[in-house]
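The structure appears below as structure tokens.
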Amino acid sequence: MNRQQQRLTLRGRIIGHLECGLSSRDIADRLGISRSTVQRWVQRWHESGDLRDHPRGRPPRVTTPEVERRILQASEDDPINNIAVQIRQMLNLEVSVHTVRLRLHAQGRYHRTPAQKQALTEEHRTNRLLFAEEYVDKEDLQFWGRMIFSDRKNI
């Protein structure tokens with residue numbers, strides 16, 4: 001039995017006990033729940049005859065379609081450095097950074113911080129040039145088959 005079925009079963013038991021003449025206090029004690037819970041479902045039963053959960057709404061959107069268009073445009077103008085905080089400040093928006101981020105994610109735009117690499121030093125450049133000059137004429141395929149090339153300096 002899933003949770004929704006469990007909740008409906010409990011609510012049905014509340015109404016069943018009520019129809020048997022038990023008080024809210026007695027029902028709460030028997031089922032191990034609070035009296036306010038019993039009273040809420042008894043009241044709902046009397047008002048609508050329904051024990052199902054009501055759909056929960058979401059808060060109204062704080063951004064208009066125009067603001068959302070501006071957020072996306074700002075993201076397109078500067079895709080590398082434009083994160084939600086900067087967009088919010090740049091457009092002087094009265095919405096949270098979280099809201100800006102949600103609007104960007106809804107359009108499939110995710111900020112990724114680019115990897116930071118160390119710049120090549122003069123010693124790195126010299127070593128690479130020496131390697132290239134030493135092996136420029138090497139035609140042995142077995143030698144090159146064992147060679148691993150990488151752009152990382154720490155391997």
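Fully extending the segment from residue 54 to residue 129, taken as 0.36 nm per residue of separation minus the present Cα-Cα distance, adds 19.8 nm.
Each peptide in 91-101, 39-49 gets a packing score, the mean of other Cβ atoms within 10 Å over its residues, and the list from highest to lowest is 91-101, 39-49. Taken over the C-alpha atoms, the chain has Rg and Dmax values of 33.2, 100 angstrom.
Among the trypsin sites (Lys or Arg not before Pro) within the stretch 51-80, those in coil by DSSP and having at most 16 neighbouring Cβ atoms inside 10 Å are 52, 56, 61. 222 nm [θ] for the chain, helices only, -39500 (n - 2.57) per DSSP H run of 4+, per residue, to 500? About -17000 deg cm²/dmol. Between the residues 131, 150, 36, the greatest Cα displacement towards the positive end of the dipole of the chain, with unit charges on the Cβ of Lys, Arg, Asp and Glu, is found for 36.
A simple rule links phi to the HN-Hα coupling: the Karplus curve 6.51 cos²θ - 1.76 cosθ + 1.60 with θ = phi - 60°, which for the stretch 141-148 gives 5, 5, 4, 6, x, 8, 7, 10 Hz, with x for Gly and Pro.
A Förster radius of 30 Å, combined with the Cβ-Cβ distance separating residue 138 from residue 118, puts the computed FRET efficiency at roughly 0.55. Take every pair of alpha-carbon atoms less than 8 Å apart whose residues are at least six positions apart; their mean separation over the length of the stretch 65-106 yields a relative contact order of 40 percent.
FYI, it's all coordinate maths here, none of it is from the lab. Treat the numbers as computed from the prediction; the structure is a model and nothing was measured. No Cβ is skipped: glycine too gets one built from the backbone with ideal geometry, and neighbour counts run over all protein chains shown.
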